[in-house]
Amino acid sequence: MRLYLDNCCFNRPFDDQSLLTIRLETEAKLHIQDAIRAGRYTLGWSYILDYENAANPLEERRAEIQRWEEIADAYVTETADILALMREFVSVGIKPLDALHVACAKTLDCRCFLTVDKGILKKAEAITQIQIL
């Protein structure tokens, strides 16, 4: 099963861990990463992950996240189909960059789109093309 983690997920371990919810999300993300490394899941990667990660001003974080592209078994660049899907997701209230992530995940045939972004999670029911967790 292929998974897609958005940039918020990849950055969660670098966040302040003093809040229980953030710590639990971090533990869940690290568990999923271990399962990907072990081959229980595969990882999808996209040009929008590259774009957002490149904007990270912290070199150590940027480099750590970028290593996951090498582990990914599938990569997608921008296409007309992705942009059309993005517009569909924007129409239900997802922000454009977030909608690009979801569109890329769907295009990569990912079973799940994983995020800690509350805005996306609140709109997850409106997206039927992919499971958002």
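Things worth noting here:
- Evaluation of Leu121 against (1) of a type in the set (A, V, I, L, M); (2) out of contact with any helix residue (DSSP H, G or I) (no Cβ under 8 Å at 6 or more places or on another chain); (3) at pLDDT 95 or above; (4) under 14 Å from Leu5 (Cα atoms) (one fails), failing number: (3)
- Checked against (1) in contact with a Gly (Cβ under 8 Å, 6 or more places away or on another chain); (2) in contact (Cβ under 8 Å) with a residue 60 or more places away in the chain; (3) part of a helix (DSSP H, G or I), His101 passes all but a single condition, namely (1).
- Unmet criterion (only one of (1) farther than 21 Å from Ala124 by Cβ; (2) not in a loop (DSSP other than H, G, I, E, B)) for Ser18: (2)
- A Cβ distance below 9 Å, combined with a sequence gap of six or more or placement on separate chains, defines the contacts here; from the range 10-26, residues that are farther than 15 Å from Glu52 by Cβ reach residues that are among the charged types (D, E, K, R) and in a loop (DSSP other than H, G, I, E, B) in the pairs Ile22/Asp15; Ile22/Asp16; Glu25/Asp15; Thr26/Asp15.
- When residues of the range 110-133 are limited to those that are part of a loop (DSSP other than H, G, I, E, B) and of a type in the set (A, V, I, L, M, F, W, C), the one surrounded by the most Cβ atoms within 10 Å (Cβ to Cβ): Cys110
The values are calculated or read from the model by the stated rules, or taken from the named source; none is laboratory data. Since this is a predicted model, take the numbers as computed values, not measurements. Heads up, the Cβs are rebuilt from the backbone with ideal geometry, glycines too, and the neighbour counts pull from every protein chain shown.
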